[in-house]
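This report concerns only the one structure given below.
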Amino acid sequence: MRIDRITVRNFRNLADLDLALDSGTVIVGENRAGKSNLLYALRLVLDSSFSYSDHQLRKEDFWDGLSDGGDDWDPMADGEIIEVSVEISDFEDDARLLAALSDALLEEDPLKARLTYRFAPVDTGEECRSGLRNYQGRVFGGDDEETHISRRLRRYLHVQFLPALRDVESDIKNWRNSPLRGLLEAAASAVAEEDLTDVKQAMKDANDQLNSLQEIKDLGDSISARLVEMVGENQAIETDLAVAPDDPMRLIRNMRIFVDGDAHRNLASASLGTLNVLYLALLELGLLTRLRDSDIAHVVMGIEEPEAHLHPHLQRLIFRRLLTTQEDAQTVLVTTQSPHIVSVADPKSLVILRTVQGKTHAAAARNADLEEAEWDDIARYLDATRAELVFARRVLLVEGFAEQVLVPKLAAARGMDLDKLGISVCAIHGTHFSSYVRFCEALAIPWALFTDGDRVDQHGISEGNRRAADLMATLCKNDEPAECGIFVGATTFEYDLMKDGPDNILPCIETLHELCATPSQQTIALWQGRPPDYDDFMKIIANAGGKGRYAQRLSLRDIQPPPYVADAIDYLAQQ
């Protein structure tokens with residue numbers, strides 16, 4: 001089974017959202033972009049634990065953009081409607097799901113089902129209070145609002161929601177909500193009756209042995225005597241001291257989980273990160289048991305910002321497994337602010353939510369027109385550092401490490417703080433910009449790039465300009481490259497930085513002199529503070545330890561951007 005699509009209308013800041021989903025969708029976005037609201041909207045449709053009252057929303061839950069601007073405006077007086085729909089496919093081979101969704105089927109081939117939550121005015125036959133309409137929230141199947149979907153059937157589509165801030169220790173200890181509960185009950189039901197009888201006798205013997213100790217016997221007698229003294233023999237309750245009840249089932253209910261092996265330390269002694277990992281392990285085992293026993297047919301797991309308290313290595317280990325080893329019986333949606341989680345997700349599964357004028361817009365990476373090999377390149381590129389691209393408001397794509405190191409310094413020289421502008425500088429370590437540009441376009445991330453001019457052919461056209469023209473053709477754009485955010489240098493970034501910025505000549509030469517050994521220093525001295533030719537300059541950079549080392553040391557000095565780099569920064573800042 002797959003959840004293919006969710007549409008949301010007029011719910012909080014999700015005014016008109018239509019989003020295709022994958023089995024392991026990762027949703028990112030700035031604070032207040034609507035990530036939590038999206039998970040809640042999904043629960044309104046699928047979560048069978050929601051009561052009748054949970055489905056009854058309030059006027060505060062309507063999108064603010066519906067307002068007429070008046071202070072006393074009420075969306076429920078105007079008859080506005082909140083609606084959330086979920087489309088489901090690939091379930092026809094599962095008889096349980098087919099039965100559960102039989103009233104939600106659509107007349108489509110291949111077979112699909114739709115479940116819809118609608119909060120709308122209803123005619124109850126009663127007079128409206130104070131002139132307000134009577135509203136009701138309910139879930140129905142298919143296209144017919146009268147086709148009610150019962151909670152019992154929706155339980156086959158089990159929703160497991162993990163909020164961002166949760167008290168894991170309390171959740172595990174609380175028998176009613178603990179993920180340990182189902183595991184213990186399943187284990188108890190599988191134990192032979194004679195084995196349980198043996199346990200009962202062992203517990204009775206242990207309690208009797210303890211109660212035979214004189215100090216314990218005296219304490220028990222004292223408790224009984226004090227109760228009789230307080231309320232009399234007729235009203236005093238009988239008490240017994242025991243380590244645990246003799247009943248094996250009650251004994252199992254009282255079992256606790258400890259940490260640190262033979263030390264048997266309480267959960268309170270474990271770190272919050274350790275408890276979160278333990279909770280997920282127990283939850284997975286419990287859900288697998290319920291699936292195996294046919295108690296449920298499919299799990300929809302919504303996890304909200306799970307990175308809290310988890311070491312980066314644990315984030316990658318846990319969510320690489322959870323997101324990329326999907327089973328047909330499980331759908332996972334994760335909201336996150338962590339580049340470590342994004343780095344192990346399938347890039348096709350990434351969704352960005354952003355707020356524009358009080359309304360959430362969604363962009364899905366899967367819409368990028370990329371070949372499978374290009375998707376593989378993106379997946380390898382988005383390690384934990386470069387996954388910042390997905391979280392950026394704007395992206396400046398550059399060729400290599402030297403540009404990535406120096407651009408923030410060059411922007412600062414123009415009075416710009418890239419972090420405050422939400423601009424991330426991402427080095428692609430090459431000139432193959434096309435895949436990354438189309439990836440950014442699919443996610444609606446504003447972008448710009450600058451690239452080296454490199455060699456000039458016999459027609460006087462540089463490789464960089466041909467690169468820009470090819471990229472414009474790929475994007476099906478007829479404008480000038482600079483009008484679309486593509487900027488080309490004259491030679492290479494390092495030489496353009498020195499030659500096209502008069503104030504940069506001395507800092508560049510001094511940096512090379514500082515990094516080089518005596519033979520190269522003698523060559524630098526012959527330049528006499530003037531720009532050398534291209535080949536000599538690049539040779540000395542290689543002698544100084546390479547472009548990366550040179551860029552790192554040069555970033556400590558005051559330098560100005562060459563014109564094409566300044567244009568790229570200015571262009572992106574205005575997007």
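Stretched out fully, how many nm does the piece from ARG557 to ASP18 gain, at 0.36 nm a residue minus the Cα gap?
Going from the current span to full extension adds 189.1 nm.
If you stretched the chain out fully between ARG152 and ASN174, how much longer would it get, using 0.36 nm times the residue separation minus the C-alpha to C-alpha distance?
Difference between extended and current length: 5.5 nm.
Farthest toward the dipole's positive end in the chain, which of VAL243, ALA268, GLY137, given Cβ charges of +1 (Lys, Arg) and -1 (Asp, Glu) about the Cα centre?
Going by the charge dipole, the pick is ALA268.
Work from the charge dipole of the chain (Cβ charges, +1 for Lys and Arg, -1 for Asp and Glu, about the Cα centre) and give the residue of THR335, TYR534, VAL437 farthest towards its positive end.
Result: TYR534.
Just how far, in whole angstrom, is region 330-365 from region 63-87 if you go by their alpha carbon centroids?
Centre-to-centre distance over Cα atoms comes out at 26 Å.
To make sure I understand, if each residue's beta carbon is the centre and we count other beta carbons within 10 Å, what order do TRP527, TRP73 fall in, fewest to most? Spell out each step's value before the answer.
Numbers: TRP527 17, TRP73 13.
Listed from fewest to most nearby Cβ atoms, that is TRP73, TRP527.
Which of the listed residues, ASN37, ALA190, VAL398, is farthest toward the dipole's positive end in the chain, when Lys, Arg count +1 and Asp, Glu count -1 at the beta-carbon?
Farthest along the dipole direction, towards plus: VAL398.
Sort region 13-82 into rounded, prolate or oblate with this rule: let a ≥ b ≥ c be the square roots of the eigenvalues of the Cα gyration tensor; rounded if a/c is under 1.5, and if a/c is not under 1.5, prolate when a/b is larger than b/c, oblate otherwise.
Oblate is the answer for region 13-82, as a/c is 1.5 or above yet b/c matches or exceeds a/b.
To the nearest 20 Debye, how big is the dipole of the chain about its Cα centre, given +1 on the beta carbon of each Lys and Arg and -1 on that of each Asp and Glu?
1160 debye
What is the spin-label model distance, in nm, from ARG256 to LEU111 if the labels are put 7 Å beyond Cα along the C-beta direction?
About 4.9 nm, to one decimal.
In nm, what is the difference between 0.36 nm times the number of residues separating ASP144 and SER51 and their Cα-Cα distance?
Extra length available between ASP144 and SER51 comes to 31.3 nm.
What's the Cα-based Rg to Rh of the chain, Rh via Kirkwood? Intermediate values should be presented prior to the final figure.
Working: Rg = 32.6 Å, Rh = 29.2 Å.
Across the chain, the Cα-based Rg/Rh ratio is 1.12.
Given LYS359/LYS409; LYS409/LYS499; LYS420/LYS477; LYS477/LYS499, which pairs have Cα atoms separated by over 23 Å?
Checking Cα-Cα distances, LYS359/LYS409; LYS420/LYS477; LYS477/LYS499 exceed 23 Å.
Give the shape of region 327-399 as rounded, prolate or oblate, defined through the alpha-carbon gyration tensor: a ≥ b ≥ c are the square roots of its eigenvalues, a/c under 1.5 means rounded, and otherwise the shape is prolate if a/b is larger than b/c and oblate if not. Show your work: numbers first, answer last.
Values: a/c = 1.45, a/b = 1.05, b/c = 1.38.
Rounded, since a/c falls under 1.5.
Treat every Asp and Glu Cβ in region 290-439 as -1 and every Lys and Arg Cβ as +1, leave all other atoms uncharged, and give the resulting dipole magnitude about the Cα centre to the nearest 20 debye. Mind dumping the intermediate values first?
On the way: 17 positive and 20 negative charges, 107 e Å.
Rounded to the nearest 20 debye, it is 520 debye.
Quick one: putting +1 on the C-beta of Lys and Arg, -1 on the C-beta of Asp and Glu, what dipole do you get for region 392-573 around its Cα centre, in Debye to the nearest 20?
Roughly 440 debye for region 392-573.
Quick check: from the Cα gyration tensor, does region 100-246 come out rounded (a/c under 1.5), prolate or oblate?
Here region 100-246 falls in the prolate category.
Kyte-Doolittle cut-off -1.0, length cut-off 24 Å along the helix's own axis using Cα: show which whole DSSP H helices in the chain pass. Present the calculation step by step, with values, prior to reporting the outcome.
Values: long enough: 193-211 (27 Å, -1.38); 214-231 (26 Å, 0.04); 272-292 (30 Å, 1.17).
Helices passing the filter in the chain: 214-231, 272-292.
List the aspartates and glutamates whose alpha-carbon lies under 14 Å from that of LYS217, not counting same-chain residues fewer than 8 positions away?
Reachable aspartates and glutamates: ASP208, ASP240.
At 7 Å along the Cα-to-beta-carbon direction for both GLN357 and ARG320, put a label point, then send me their distance in nm to one decimal.
My value for the distance between the label points is 4.4 nm.
Here, each number is a calculation from the coordinates, and none is a lab measurement. Just so we're clear, the structure is a prediction, and the values are computed from it rather than from any experiment. Backbone-built Cβ (ideal geometry, glycine too); neighbour counts: all protein chains shown.
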